[in-house]
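Single-structure report; data block below.
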Amino acid sequence: MVYFGVHNRKSIGKTIHQTLAGRRVELEKKEKQLSKLKSSLSVMGEELKKEKVETEYLVPVPDSWVETEPVKALKDKIKNWLVLKYPVHLIGPTGCGKTSIALQVAKEFGRPVVWLNGDESITTTDLIGGYSEVEVSTIRDKYIHNVFKDKDILKADWVDNPLTLACKYGYTLVYNEFSRAKPAANNVLLSVFSEGVLELPTQFGQERYVKVHPEFRAIFTSNPVEYAGIHRPQDALLDRMVGIYMDYYDRETEVDIVAAHAGLGRKEASSVVDLVRKVREKLPDAEKIGTRAGIMVSKILKNAGRFDRQSVKALLGDVITSKTKNREDFLHRIKVLDDI
């Protein structure tokens, strides 16, 4: 028997069967179109995922911002390092404005901002992500009535956490209270800053490694090591960062900040700031009160409509006793106020 690649039958002068070669060409064309469609859908899916992250996950930046010459100088210094892609580590006492300036600098870079808050219990998973759940699906094949075929499919869903999102999409990471996390949890940052690669230890194959986006930036904030609950980060990581020590702002800047946040005039804000600064001088470094204390007191005073010295001192007493260790310590703090 002789096999012909095509029948000679024709209809209205045209061959009604394709040749094998023609059929192959058509199939190859359809495969290319399908591959292109899958690639397009994959890109669309990634863009939709990114859009969802940016609208639901990212932390909004506060609008209140006061900029004096000293603040601008510090802000520009931080930005100069970040432009060169160096991670910046802001170190300073509680309430001196580390977080506020970190968020403002991140905002001015024009990229979305992801937030991470360090504490004793944080792990590497909290930074990079992990498998949130395992989906189980079962297929029952009953094509032949007396033959049963069961097939269980396990699918684990990976969820990205702040560091992975920032590295993958080029966001700005603000890692607040960085030194309150145990050093082991932050080891994953070493390859990010030295090789530009984020390793996801629990992933497999190509998905195990994420190339760091060129727009990725990182800002860290920490209290000095003498504060309670602080862990000294590993030297290998500190060597890859730029450390900038922040102290409390000058009087005029503090007055402007308190006035703006509490909605007060400079005269009322000055009366609060002056007392805050005097109390600050009398307390140990780890217990000093910051600009935040002045804002808290000013808001209550505005609500009560009272700005006399005794009212300010009474409210400051509530603020400075929040870290009281015992009765003796409490009495010492009250004496500090009375002596001013």
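The values are calculated or read from the model by the stated rules, or taken from the named source; none is laboratory data. Worth saying up front: this structure is predicted, and the values here are computed from it rather than measured. When we count neighbours, we look across all protein chains shown, and the Cβ atoms used for this are built from the backbone with ideal geometry, even at glycine.
Residues being closer than 17 Å to GLU287 by Cα, over 39 Å from the mean Cα position of the chain (by Cα) and not hydrophobic (A, V, I, L, M, F, W, C): count how many of those fall in the stretch 306-340.
Total satisfying the criteria: 4.
For the stretch 205-261, enumerate the residues that are in contact with a Gly (Cβ under 8 Å, 6 or more places away or on another chain), in a helix (DSSP H, G or I) and among the aliphatic types (A, V, I, L, M).
Of everything in the stretch 205-261, those that are in contact with a Gly (Cβ under 8 Å, 6 or more places away or on another chain), in a helix (DSSP H, G or I) and among the aliphatic types (A, V, I, L, M) turn out to be ILE257, VAL258, ALA259.
Restricting attention to the stretch 87-108, report how many residues are more than 22 Å from ILE295 (Cα to Cα) and at pLDDT 95 or above.
Qualifying residue count for the region: 3.
Only residues in the stretch 163-181 that are touching a residue at least 12 places away in the same chain (Cβ under 8 Å) and assigned by TED's automatic domain parsing to the domain that holds TYR86 count as the first member; pair them with residues that are of a type in the set (Gly, Ala, Ser) and in a helix (DSSP H, G or I), Cβ under 8 angstrom, at least 6 apart or cross-chain, and list the lot.
That search, which allows pairs on different chains as well, returns THR172/ALA106; THR172/ALA166; LEU173/ALA166; VAL174/ALA102; VAL174/ALA106; ASN176/ALA102.
Listed here are the residues, each with its yes/no results for (1) under 26 Å from PHE178 (Cβ atoms); (2) at pLDDT 85 or above; (3) basic (Lys, Arg).
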{"residue": "ARG251", "(1), (2), (3)": "no, yes, yes"}
{"residue": "GLY265", "(1), (2), (3)": "no, yes, no"}
{"residue": "GLU281", "(1), (2), (3)": "no, yes, no"}
{"residue": "LEU337", "(1), (2), (3)": "no, no, no"}
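From the list LEU264, LEU316, LEU301, exactly one residue is assigned to a loop (DSSP other than H, G, I, E, B) and within 30 Å of LYS72 (Cα to Cα). Which is it?
Step by step, each of LEU264, LEU316, LEU301 is checked, and only LEU264 is assigned to a loop (DSSP other than H, G, I, E, B) and within 30 Å of LYS72 (Cα to Cα).
Give the residue, chosen from TYR171, TYR209, that is touching a strand residue (DSSP E or B) at 6+ places or on another chain (Cβ under 6 Å), hydroxyl-bearing (Ser, Thr, Tyr) and within 20 Å of GLY110 (Cβ to Cβ).
Result of the check over TYR171, TYR209: TYR171.
If you check ARG208, ARG240, ARG232, which single one turns out to be over 18 Å from PHE307 (Cβ atoms), charged (D, E, K, R) and in contact with an Asp or Glu (Cβ under 8 Å, 6 or more places away or on another chain)?
The match here is ARG208.
Could you figure out which of (1) farther than 27 Å from VAL83 by Cβ; (2) crowded, with 17+ Cβ neighbours inside 10 Å isn't true of VAL210?
Against the list (1) farther than 27 Å from VAL83 by Cβ; (2) crowded, with 17+ Cβ neighbours inside 10 Å, VAL210 comes up short only on (1).
Name the single residue, out of those in the stretch 223-254 being of a type in the set (Val, Ile, Thr) and out of contact with any Ser or Thr (no Cβ under 8 Å at 6 or more places or on another chain), that is farthest from ALA102 (Cα to Cα).
VAL242
Being surrounded by 11 or more Cβ atoms within 10 Å (Cβ to Cβ) and touching a residue at least 40 places away in the same chain (Cβ under 8 Å), is that true of even one residue in the stretch 305-316?
Yes.
Between a residue in the stretch 217-246 that is over 16 Å from ALA181 (Cα atoms) and touching a residue at least 60 places away in the same chain (Cβ under 8 Å) and any residue that is hydroxyl-bearing (Ser, Thr, Tyr) and part of a loop (DSSP other than H, G, I, E, B), which pairs come within a Cβ distance under 6 Å, given they are 6 or more apart or on different chains?
Pairs that qualify, where the first residue is over 16 Å from ALA181 (Cα atoms) and touching a residue at least 60 places away in the same chain (Cβ under 8 Å) and the partner is hydroxyl-bearing (Ser, Thr, Tyr) and part of a loop (DSSP other than H, G, I, E, B), are VAL242/TYR86.
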